[in-house]
Amino acid sequence: MYEEYLVFTGRPNAGKSSIIREVVGLDVVTGKHPGTTRRISKYALSGGLFLVDMPGFGRIMGVSKPLENMRKNRIIRFLESNAQNIALAVHVLDISTFLEVTWRLEKKGLISLDVEMVQFLAETLGEIPLVAANKIDKAGEDEIAANLEEFKYRISDAQPLVVKGYVFPVSARTGKGLGALKSAIHARLVEKGYRTPFKTR
């Protein structure tokens, strides 16, 4: 049977599993500790559509560097080998700490993993993924606005208008913004032929 995928990616502790639970209605495993999702998990949705919950990629306390790299390579291989079957990708990040984390990485000569993943998805899938900029309740409005502006600037190669309508500020904890994100995911999947994409089996 032909399968297509709604894929969710994100770093550990970004709130990916919580977003899935709130937006799609799937009872995926969530936890207080980073790295709760440790393997690529598939959940059947509507007629040939499966939700794929990717493990968090990036630094995880208590996990060895080789294991981190193995996990990241597994994610990359899945995305590349299944690119033609991915109906939609959604990347989840913690927007409340974006600038702080990004500047810290840049001092070490490293690029933001969130920026890297969004650009990789856009290149691999041929379309910009939707982004759930989560945890807007964790910082002040001005700080969140600055983080969002910088994130959009970076993922768009300094052309933020290109990603207008793709980045959704949300809070999985309070529910703010989740309606708009859910509507966007639903609309894009309906365009791909899934009339009731969130119907689980």
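What follows draws every value from the coordinates through simple rules; no lab data is involved. Treat the numbers as computed from the prediction; the structure is a model and nothing was measured. Neighbour counts are summed over all protein chains in view; Cβ atoms, including those assigned to glycine, are modelled from backbone coordinates with ideal geometry.
Points worth noting:
- Counting only residues at least eight positions apart within a chain, or on another chain, the aspartates and glutamates with an alpha carbon under 14 Å from that of residue 72 are 53, 80, 114, 116.
- Only helical runs count toward this figure. For the chain, summing -39,500 (n - 2.57) over DSSP H runs of n ≥ 4 and dividing by all residues gives -12000 deg cm²/dmol at 222 nm.
- Distance violations [Cα-Cα > 32 Å] among 42/138; 42/108; 138/192: 42/108; 138/192
- Cα-derived Rg to Rh of the range 110-201, Kirkwood definition: 0.99
- Relative contact order of the chain: 24 percent, from C-alpha pairs under 8 Å at least 6 residues apart in sequence.
- Legend: P(r) of the chain from all alpha carbon pair distances, 10 Å bins from 0, whole percents, reading 9, 37, 40, 13, 1.
- Neighbourhood net charge (13 Å Cβ-Cβ; Lys/Arg +1, Asp/Glu -1) for residue 123: -4
- With a cut-off of 13 Å between beta carbons, the residues surrounding residue 20 carry a summed charge of +1, where Lys and Arg count +1 and Asp and Glu -1.
- Taking a Cβ cut-off of under 10 Å around residue 88, the surrounding Lys, Arg, Asp and Glu residues balance to a net charge of -1, with basic ones at +1 and acidic ones at -1.
- Order by protection proxy (mean Cβ within 10 Å, highest first), peptides 152-161, 12-21, 123-132: 12-21, 123-132, 152-161
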